[in-house]
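Student: Take this structure, written in structure tokens, and hold onto it; I'll ask about it next.
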Amino acid sequence: MTKPDVMLLASQRPNAMAQLEANFTLHRWDLAEDKAAILAEHGATCTAIATHGHAPVDRAMVAAMPNLKLVSCSSAGFDTFDVTALAERGVALTNTSSALCDDVADTAIMLLLGARRGLVPGDAYVRSGSWGREGMFPLQRSLKGRTLGIVGMGTIGQAIAHRGAAMGQTVRYWNRRPKDLPWAFEPDLITLARDSDNLVVIVAGGEGTRNLIDASVMDALGPDGLLINVARGSVIDEPAMIAALSEGRLGAAALDVFENEPNPDPRLTALPNVTLYPHHASGTVETRDAMAQLLVDNLGAFFAGQPLLSPVDLSAYAVRPNAT
């Protein structure tokens, strides 16, 4: 039996790779020295791409694959993909938000606690001997009774909300549209920031959300506010955040993602009021294995003629004919 042809843009976890190699004819774009040549030779035979969000799927690649029907992505984010080109061609896209939901939500809470309770400077205080020399570490801030604002109420946003509520925080959220949820919807982002003690950002990346968190949002969050980003670095106006943190207009930030990765702006990393994590919210063995498995399972469902397990709605990117 002939195995379906799949263009592999990014290697996956070992177990997933074994399944991909067993069930598909893989064309290793990721290993090819001449990537244009492998697209020219095999692009027309491949009906699916297997990749992750750090390997761009651009318009030229889509054009080089005339029979492409599916892009199966093993990450939640796909802001490096030309989704308009996919939508125009009717190419389906799947991602793995459901697989990484809990670990990303846990990381958001870890950053929240770490920043509010001074985990990193507290660790340094003990290691340096300052505790013995200088006495009690400065008092920190409690979370119970505070307001947790969440920007983006998708699967992960809701998981963060449940965790925040369980800790005694009042949860409010901003989203492009309200949802039937037990937490208060706030349609104005500035108002949400002004009413929040801690603001977690968990929206999709891409041009539609670039600099969504700008200077006005940070000023509204204020000198006692904490800004947490577990989304994409592009969602925050980073130069404006550096200025706000430096000038005391924003109290603190706890960040898993940055505008320039893996080399964040040294002006940011030098600030004492930031808690930093290396874009590793989904970085556990269990979750990365589950993400890769979901990529494999989506490919299997597609080639079996079954419904995709985690499709992304691309209808908003489809070209609509002009009214006549």
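The values are calculated or read from the model by the stated rules, or taken from the named source; none is laboratory data. Because the structure is a prediction, the values reported are computed rather than measured. Note that each Cβ is placed from the backbone with ideal geometry, even for glycine, and that neighbours are counted across all protein chains shown.
Student: Among what's in the range 144-161 and is out of contact with any strand residue (DSSP E or B) (no Cβ under 7 Å at 6 or more places or on another chain) and free of Cβ contacts under 8 Å to residues at least 40 places away in the same chain, pick the residue that is surrounded by the most Cβ atoms within 10 Å (Cβ to Cβ).
Tutor: Gln158
Student: On to the next question. Suppose we filter Val62, Val71 for residues that are free of Cβ contacts under 8 Å to residues at least 60 places away in the same chain and either assigned to a loop (DSSP other than H, G, I, E, B) or surrounded by 23 or more Cβ atoms within 10 Å (Cβ to Cβ) (or both); which single one remains?
Tutor: The match here is Val71.
Student: Shifting gears a bit: Scan the range 18-32 residue by residue and report those that are surrounded by fewer than 17 Cβ atoms within 10 Å (Cβ to Cβ) and either touching a helix residue (DSSP H, G or I) at 6+ places or on another chain (Cβ under 8 Å) or touching a residue at least 60 places away in the same chain (Cβ under 8 Å) (or both).
Tutor: Result: Asn23, Arg28, Ala32.
Student: Check the range 261-271 and report whether any residue there is more than 30 Å from Met1 (Cα to Cα), outside the structural domain of Leu86 (by TED's automatic domain parsing), in a loop (DSSP other than H, G, I, E, B) and in contact with a strand residue (DSSP E or B) (Cβ under 7 Å, 6 or more places away or on another chain).
Tutor: no
Student: Follow-up question, since we're still on this one. Does any residue of the range 98-108 turn out to be in contact (Cβ under 8 Å) with a residue 24 or more places away in the chain, under 30 Å from Gly168 (Cα atoms) and touching a strand residue (DSSP E or B) at 6+ places or on another chain (Cβ under 6 Å)?
Tutor: Among the residues of the range 98-108, at least one is in contact (Cβ under 8 Å) with a residue 24 or more places away in the chain, under 30 Å from Gly168 (Cα atoms) and touching a strand residue (DSSP E or B) at 6+ places or on another chain (Cβ under 6 Å), which makes the answer yes.
Student: Also, I was wondering about something else. Any idea which of Gly300, Gly305 is closer than 27 Å to Thr155 by Cα and free of Cβ contacts under 8 Å to residues at least 40 places away in the same chain?
Tutor: Exactly one residue qualifies, and that residue is Gly305.
Student: Also, quick follow-up: Suppose the filter is without any contact (Cβ under 8 Å) to a residue 40 or more places away in the chain, under 20 Å from the mean Cα position of the chain (by Cα) and in the same structural domain as Ala304 (by TED's automatic domain parsing); does Thr84 pass it?
Tutor: no
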